[in-house]
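For reference, the structure is listed below as structure tokens.
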Amino acid sequence: MAACVLGFWQTGFAGNETRDSLFHGTEALIVKAKEKRAYLFAPEAFGEAMEAYQDALNDFNKGRNLNGIRKELKKAESYLSRAMTVSVTAEVTFETVMKAREDAAAIGSEKYSSKLMSKAESEFQRAVRSLEDGDVDKARGQAAEAEALFRSAELDTIKHALLGKTREKIARYEDLGRKNNAPKTFDKARRLVVLAEKKLDQNRYNNAEAVALVKDAEYELAHTEHIHTRVGKLVEAEYSFEDVIIDMEMQLVKIAQGLDMTLTFDRGVSGATWQLLDGVQAMKASNDAKDREIAELKAKVTDLETSVASLSKLEQDLMARKHEAEEALKRQKEAERLEDMKISRIRDAFTPEEGKVLMDGDKIIIRLYGLSFSSGKSAIDYKYFGLLAKVRDTFKEFPGCRVVIEGHTDSLGSDKVNKRLSKERADSVRHYLIANSVVTDDQISAVGYGEDKPVASNETRQGRANNRRIDVVIVPDRG
């Protein structure tokens, strides 16, 4: 009986401990995992985590033993950590396919290119599964195939938006076949649409040429409609060729009346057209003479304005210089403010246990106290991936920067061993950051100083702990 009472006092049941104290840590990890889109990039691990979390929640609600609940929560946190690690790699591995996926979705490709989008999404999910299984090369290949499919769906949707209605009109006249009374005009419209599609294949984003071609095609289709309808009415009304010619002559007569001219048709429509052209040329010559007079007057006005402007030029120059100086000062202050904000954001990202952000002139030093290595080892434990992800995120604040990873040790051990070990650890951090960040191989270097650059006394235990560190030195691009 006493043993039973003692066991109950030590382990307790769910009703004796608040929900928050049990679930807070796990739920915070779930939020972080969702922010990393672990549900998308590591669905299996994320699903296992949520299942374990739900089992723990059910057991808590039923008042079951705390040991079992804690076990399920620990299981959920393990899966969540794994899912977030995969997501960090996925952000780099799937960067371009995610951009293609988002671009296609943004213009409604699910609606207008549903089959291509479905195929692309299936290929993307295969890539996700391969990455979660640890096969990065296979995942990259599948992601490339998915990216090509997403881009094809995007292009298909762009073509639908720009050419959809025009294609419908083209199809309507194609159905007419030989009954189309304007086949030559229609063929011109069709060639313009084909050329517009080729332009979109070459550049789907800068599609000004394609838009202009579609506009021309729409005009030719409207022209086709007019000719087709007009010819149909003429045939229906049994018009003769004489009736058609007289109708054309009357259209020219209306133009001539507007120009106060009289036309004769004894040389046909062509002769009357030349009469109109002669009249228009005479009017143009008269207008050109008036334009020259206007230009001469404008030149005189410009000369007067120049004379007036020269009187105040010195004053304007002084005002301009003052304005330039004020703007330069504003830009300098704004640049300093933005730089301070960057440094502040970086400092806020690290807890005191994780590291400290220092300034050395223009250089930013992130001193990673929270990154530890097993004794004599240089491999990075996965539990530090989150800390290194914070380091990676700081690089985004300084595009084009150079980075030096410095490895340091305490004074215990030989100098030769310390330098070798510090260099190996710095190399491990460098390789991880290259694989998981925007910096390139030639932007980031590593060096091992061993015990040469202590930041505290090696005579105390705490001092030695402080000296065993990785320093990430960021040199911003000031060009």
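The values are calculated or read from the model by the stated rules, or taken from the named source; none is laboratory data. Only a predicted model underlies this, so the values are computations on that prediction, with no experimental measurement involved. A quick note on method: Cβ atoms are made from the backbone with ideal geometry, for glycine too, and the neighbour counts reach across all protein chains shown. All accessible areas refer to the heavy atoms of the entire protein, side chains included, with ligands and DNA or RNA removed. Shrake-Rupley method; radii C 1.70, N 1.55, O 1.52, S 1.80 Å.
Among the residues of region 80-130, write down those that are closer than 12 Å to Ala153 by Cβ and either aliphatic (A, V, I, L, M) or touching a Cys at 6+ places or on another chain (Cβ under 8 Å) (or both). Correct list: Ala100, Ala104, Ala105, Ala106, Ile107, Leu116, Met117, Ala120.
Of the helices (runs of 4 or more DSSP H) contained entirely in region 35-121, those carrying at least 3 residues that are aliphatic (A, V, I, L, M) fall at 43-61, 66-93, 95-106. Scanning region 344-389 for residues that are in contact with a Gly (Cβ under 6 Å, 6 or more places away or on another chain) and farther than 22 Å from Ser428 by Cα yields no hits at all.
For region 106-129, enumerate the residues that are of a type in the set (A, V, I, L, M, F, W, C), open to solvent by 10 Å² or more (accessible area, probe 1.4 Å) and touching a residue at least 12 places away in the same chain (Cβ under 8 Å). Within region 106-129, Ile107, Leu116, Met117 meet the criteria.
Take Tyr432 and tell me if it is more than 26 Å from Arg82 (Cβ to Cβ) and either open to solvent by less than 40 Å² (accessible area, probe 1.4 Å) or not polar (S, T, N, Q) (or both).
On the way: more than 26 Å from Arg82 (Cβ to Cβ): no; either open to solvent by less than 40 Å² (accessible area, probe 1.4 Å) or not polar (S, T, N, Q) (or both): yes.
Criteria not met by Tyr432.
Just one of (1) of a type outside the set (Phe, Trp, Tyr); (2) more than 30 Å from Leu338 (Cβ to Cβ); (3) buried (at least 21 other Cβ atoms within 10 Å of the Cβ) fails for Lys416. It is (3).
Restricting attention to region 171-178, does a residue exist that is in a helix (DSSP H, G or I), open to solvent by 50 Å² or more (accessible area, probe 1.4 Å), more than 30 Å from Leu234 (Cα to Cα) and free of Cβ contacts under 8 Å to residues at least 12 places away in the same chain?
no
Looking at Leu163, Leu149, just one residue is open to solvent by less than 10 Å² (accessible area, probe 1.4 Å), under 19 Å from Leu200 (Cα atoms) and either at pLDDT below 95 or touching a helix residue (DSSP H, G or I) at 6+ places or on another chain (Cβ under 6 Å) (or both), and that residue is Leu163. Filtered by the rule that a residue be modelled with pLDDT of 75 or more, in a helix (DSSP H, G or I) and either surrounded by 12 or more Cβ atoms within 10 Å (Cβ to Cβ) or touching a strand residue (DSSP E or B) at 6+ places or on another chain (Cβ under 8 Å) (or both), region 227-262 gives Ile227, His228, Thr229, Arg230, Val231, Gly232, Leu234, Ile245, Leu252, Val253, Ile255, Ala256.
Only one entry in Ala212, Ala272 is within 30 Å of Thr157 (Cβ to Cβ) and surrounded by 12 or more Cβ atoms within 10 Å (Cβ to Cβ), namely Ala212. Please specify each residue of region 373-392 satisfying the condition of being open to solvent by 60 Å² or more (accessible area, probe 1.4 Å) and in contact (Cβ under 8 Å) with a residue 40 or more places away in the chain. Result: Ala379, Tyr382, Lys383, Lys390. Considered as a group, the residues in region 334-369 that are basic (Lys, Arg) and in contact (Cβ under 8 Å) with a residue 40 or more places away in the chain include one that is most open to solvent (accessible area, probe 1.4 Å), and that residue is Arg345. Among the residues of region 442-464, is any modelled with pLDDT under 90, in a loop (DSSP other than H, G, I, E, B), hydrophobic (A, V, I, L, M, F, W, C) and open to solvent by less than 50 Å² (accessible area, probe 1.4 Å)? Checked against the condition, which is being modelled with pLDDT under 90, in a loop (DSSP other than H, G, I, E, B), hydrophobic (A, V, I, L, M, F, W, C) and open to solvent by less than 50 Å² (accessible area, probe 1.4 Å), region 442-464 yields no hits at all. List the pairs whose first member sits in region 227-248 and is closer than 28 Å to Ala189 by Cα and hydrophobic (A, V, I, L, M, F, W, C), whose second member is in a helix (DSSP H, G or I) and modelled with pLDDT of 75 or more, and whose Cβ atoms are under 8 Å apart, counting only residues at least 6 apart or on separate chains? Listed by first residue and then by second, the contacts come to Ile227/Thr185; Val244/Leu234. Comparison of Tyr53, Tyr79 shows that the only residue that is at pLDDT 95 or above and either open to solvent by less than 40 Å² (accessible area, probe 1.4 Å) or of a type in the set (Gly, Ala, Ser) (or both) is Tyr53.
Being acidic (Asp, Glu) and at pLDDT below 90 is the filter here; which residues of region 374-409 pass it?
Within region 374-409, Glu397 is the sole residue that qualifies.
With respect to (1) surrounded by 10 or more Cβ atoms within 10 Å (Cβ to Cβ); (2) within 24 Å of Gln443 (Cα to Cα); (3) under 34 Å from the mean Cα position of the chain (by Cα), the lone exception for Glu327 is condition (2).
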